[in-house]
Amino acid sequence: MTGLRPTPGVGTLEGDGIIYAARLPDGPIVVLDGIAALIWNEACSGDQATIAERVAEVTDAAADDIRAHVDDFVANLVERRLLAPLGLSSEWVC
């Protein structure tokens, strides 16, 4: 199982179904709402390999129909250094 977590140095604030995430102190602030917030929460709460299935279950979509979009979105969050694999050395993300 490979999970994800906010990268060290990333601050998050959640309210009214919206997640604000930023690399501190310089940002920028990323605003995640709707499906983006759902994907963030699922990415941080379980196995990375099953994010699309869990999002599909909540949204009544077919996992195969959304998998590429979910995987691309998660990859973008990792590329932007907002999320990182669990157990990854903090040197990689700083």
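Put a plus charge on the Cβ of each Lys and Arg, a minus charge on the Cβ of each Asp and Glu, and nothing anywhere else: the dipole of segment 4-85 about its Cα centre is then about 460 debye. Tell me whether segment 4-85 comes out rounded, prolate or oblate; compute the Cα gyration tensor, take square roots of the eigenvalues as a ≥ b ≥ c, and use a/c under 1.5 as the rounded threshold. Since a/c reaches 1.5 and a/b is larger than b/c, the shape of segment 4-85 is classed as prolate. Between helix 63-79 and the chain there is an angle of about 0 degrees, using the helix long axis and the longest principal axis of the Cα atoms. Excluding the site residues themselves, the longest part of the chain lacking any trypsin sites (Lys or Arg not before Pro) in a DSSP loop with at most 16 other Cβ atoms within 10 Å is 1-79. When shorter helices are ignored and each DSSP H run of at least 4 residues is given -39500 (n - 2.57), the per-residue value for the chain at 222 nm works out to -12000 deg cm²/dmol.
Farthest toward the positive end of the dipole of the chain, out of Ala43, Val10, His69, is the Cα of Val10, where the dipole comes from beta carbon charges about the Cα centre. Based on Cα contacts under 8 Å between residues 6+ apart, segment 4-85 shows a relative contact order of 32 percent.
Name the shape class, rounded, prolate or oblate, that the alpha-carbon gyration tensor gives for segment 1-48, where a ≥ b ≥ c are the square roots of its eigenvalues, rounded holds for a/c under 1.5, and otherwise prolate holds if a/b is larger than b/c and oblate otherwise.
Details: a/c = 2.59, a/b = 1.22, b/c = 2.13.
Taking the square roots of the gyration eigenvalues as a ≥ b ≥ c, segment 1-48 is oblate.
Of all the options Asp64, Asp33, Asp47, the one that moves most in a Gaussian network model of the chain with Cα springs shorter than 10 angstrom is Asp64.
All of the numbers you see were taken from the coordinates with simple rules; none came from a lab. Quantities reported herein were computed from a predicted structural model and do not represent experimental measurements. Neighbour counts run over all protein chains shown; Cβ positions are idealised from the backbone, glycine included.
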